[in-house]
Amino acid sequence: MTNYNEHELYLRKVLSKSIASINPSDDAKKDARKLSSSYFKDYKQKLLNDYDGKKLSEIDNSHVVSTSFGDTLEIVSKEKIDFNIYDNDFKDQINNNLKLLPKIGLKTEQNLKNKGYTTIESLKNHDKYCDVAAKFMDNIDDLSFAEIIDILDSNRYSKKCRDNVLKSISLTDKENFKFMDIETLGLSNVPIILIGVAEIKKDKIISSQYFLRDIYEEGAVIDAYLSHLDEDSVHVTFNGKSFDVPFIKNRCRYNRMDANLDLPHLDLMYFAKNLWKDELPNCQLQTIEKELFGIEREGDVPGKYIPDYFNTYLDKQNIGPIVPIIEHNRQDIVSLASFLEKMYGEVN
């Protein structure tokens, strides 16, 4: 009977955290309220009241910058970061991955290793694979990081060897990572209202955000972001392969802008699912922040409310509704750096 009572008490405790239970706890009611549209309507009104009469120039660390497409608002933030990608001799590790050669799959690789061909180098003595192995090893030292990422991504077994892509980041400088996220007025064929890019310089992570002050500044917002990119840049995003980068490309075409966005790209959403799907409720960015890094956002605005908040800013000429959007974007890009470092440590 005691066990039954203990179990019943446990169930009541668990169920009390759900708004669907008969007697939900105060915390459950509070959490449910924070997910409701009425909460974000009231929150928007509070922001309008709090920031009434304030100007964009009063946003901390903001200033106007000029681009080839006009002026836009830049917000720059700096904070200390301990970001360490230690050397892991990755080019030596590549030598052990026989599947990088054409026509070698999982089973063939295992058969070759059983016969003593444990490296691509050793295959230079194999009757069938000698030429392709020799060519691969002759070129390996001259391959750029972009070329190595392309080899790993294009390999038909890349999903089974996804850790190798993460391991390969030791081959580039940490300053080349561009932790990027965009906020938009919708899911397609609408303006980008904010682009954030974070970069690591020595012991600091510097966030640069470009905000659409009015609907005609999109070209300047995009151009300001593009000024951070060069041939060594590496995009680091969360769902950016499917959304952010294609979206920017589309808006570049709309604004008749030339841009090279075909850079090495680390989309951490895929790595997160591969590494953490069994230990987290889901692999959303803010779930990872909370469960693995202890970060709980206060005053955050979910993406689905951002268009309405931005349009209210335009209609009311009140900066209140866009303040949490800017902070939401900044936290997203800074979190990506922490994610990448933790992922690298785990796969190594």
Among (1) farther than 23 Å from LEU152 by Cβ; (2) crowded, with 16+ Cβ neighbours inside 10 Å; (3) free of Cβ contacts under 8 Å to residues at least 60 places away in the same chain, there is one condition ASP278 misses while meeting the rest; what is its number? (2)
So, of the residues in the range 152-193 that are in a helix (DSSP H, G or I) and among the aliphatic types (A, V, I, L, M), which turns out to be surrounded by the most Cβ atoms within 10 Å (Cβ to Cβ)? ILE169
Count - residues of the range 127-153 that are aromatic (Phe, Trp, Tyr) and farther than 22 Å from ILE169 by Cβ: 1
Answer yes or no as to whether ASN311 is in the same structural domain as ILE182 (by TED's automatic domain parsing), modelled with pLDDT of 95 or more, not in a helix (DSSP H, G or I) and not acidic (Asp, Glu). no
Taking the conditions exactly as written (touching a strand residue (DSSP E or B) at 6+ places or on another chain (Cβ under 7 Å) and assigned to a helix (DSSP H, G or I)), does ILE288 satisfy them or not? no
Can you tell me how many residues in the range 96-118 are modelled with pLDDT of 95 or more and within 34 Å of the chain's Cα centre (by Cα)? 0
Search result, residues across the range 39-92 that are acidic (Asp, Glu) and either in contact with a Pro (Cβ under 8 Å, 6 or more places away or on another chain) or crowded, with 16+ Cβ neighbours inside 10 Å (or both): GLU74
Quick check on TYR117: is it touching a His at 6+ places or on another chain (Cβ under 7 Å), more than 24 Å from LEU263 (Cα to Cα) and either in the same structural domain as ASN176 (by TED's automatic domain parsing) or touching a residue at least 12 places away in the same chain (Cβ under 8 Å) (or both)? yes
So is PRO246 in contact (Cβ under 8 Å) with a residue 12 or more places away in the chain and assigned by TED's automatic domain parsing to the domain that holds GLY219 or not? no
In the range 202-215, residue surrounded by the fewest Cβ atoms within 10 Å (Cβ to Cβ) [restricted to those that are at pLDDT 95 or above and either in a helix (DSSP H, G or I) or out of contact with any Ser or Thr (no Cβ under 6 Å at 6 or more places or on another chain) (or both)]: LYS204
Residue selected from the range 290-348 under the condition aromatic (Phe, Trp, Tyr) and within 21 Å of ASP214 (Cβ to Cβ), by the criterion surrounded by the most Cβ atoms within 10 Å (Cβ to Cβ): TYR313
Checklist (1) buried (at least 18 other Cβ atoms within 10 Å of the Cβ); (2) hydrophobic (A, V, I, L, M, F, W, C); (3) closer than 29 Å to LEU336 by Cβ applied to PHE136, failing item: (3)
Qualifying residue in the range 157-169 (condition: over 21 Å from ASN84 (Cα atoms) and free of Cβ contacts under 8 Å to residues at least 24 places away in the same chain): yes
Counting just the residues of the range 225-257 that are part of a helix (DSSP H, G or I) and charged (D, E, K, R), which one comes out nearest to PHE271 (Cα to Cα)? LYS241
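The values are calculated or read from the model by the stated rules, or taken from the named source; none is laboratory data. Note that the coordinates shown come from a computational prediction; the quantities given were computed from them, not determined experimentally. When we count neighbours, we look across all protein chains shown, and the Cβ atoms used for this are built from the backbone with ideal geometry, even at glycine.
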